[in-house]
1. Would you mind telling me the antiparallel percentage of the DSSP bridges in the chain, rounded to 5?
2. Got a sec? How would SER65, SER96 order by Cβ neighbour count within 10 Å, fewest to most?
3. For a quick check: with amide H placed at 1.01 Å from N, whose amide H comes under 5 Å from LEU34's, ignoring anything fewer than 5 positions away on the same chain?
4. Helix 59-74 versus the longest principal axis of the chain: what angle, 0 to 90°, nearest 10, using Cα atoms?
5. LEU125's amide H: which non-local residues (gap 5+, or another chain) put their own amide H closer than 5 Å, with H modeled 1.01 Å from N in plane and none for Pro or chain starts?
6. Provide the gained length on full extension for the span GLN61 to LYS136, in nm with one decimal, where the gain is 0.36 nm per separating residue minus the Cα-Cα distance.
7. Greater than 26 Å separation of Cα atoms is the criterion. Which listed pairs, LYS22/LYS141; LYS55/LYS136; LYS31/LYS141; LYS22/LYS129, meet it?
8. If you take every residue apart from ARG51 with its C-beta less than 13 Å away from the C-beta of ARG51, what net charge results, scoring Lys and Arg +1 and Asp and Glu -1?
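Coordinate-derived values only; no laboratory data. Quick caveat, the model's predicted, so the values are computed rather than measured. Here the Cβ is made from the backbone with ideal geometry for all residues, glycine too, and neighbour counts use every protein chain on show.
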Amino acid sequence: MNHYADTGFLCSVYTPDANTTKALAAMDRLKEPLAFTWLHQLEFRNALRLRVYRKEISTKQRDASLNYLLADFENQILEHRSPALSETMTEAERLSALHSEKIGTRSLDILHVAAALVLGTPVFLTFDKRQAALAKAAGLKLKAL
């Protein structure tokens, strides 16, 4: 498994937004499953619920997005991975101490980069500029989107 995507990237894959075309094109180029962690599980579902709350999508669209996600597990496009929580938190604190004051990264962004490092996935997919800067500073490769 070589690729890790932040939740914003996954939201673009499964619900229409300004980055959906780019996200789907990147997914089409993947040769192996994309990691999906406990952090994605919470953040992705909550992001869909927030989009319903903001009236950006309907509950029917939310359910369809969740069904597409489940189908991608069955089709081996996504794969459940479980980075150890203690290792992820240690790595997140290290990244925060080294980079947050310079880059301005948020906690969840740091956790995603830490999870990618703990899992050993060398390529990071994101549309977020600060998260991309953190991933690069942490030694991850960024895929051109």
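1. 0 percent
2. Fewest-to-most ranking of SER65, SER96: SER96, SER65.
3. Answer set, sorted by chain and number: LEU78, GLU79.
4. 60 degrees
5. Counting only residues 5 or more places away or on other chains, the set is TYR4, ALA5, ASP6.
6. Length gained, GLN61 through LYS136: 23.6 nm.
7. The answer is LYS55/LYS136.
8. It works out to a net charge of +2.
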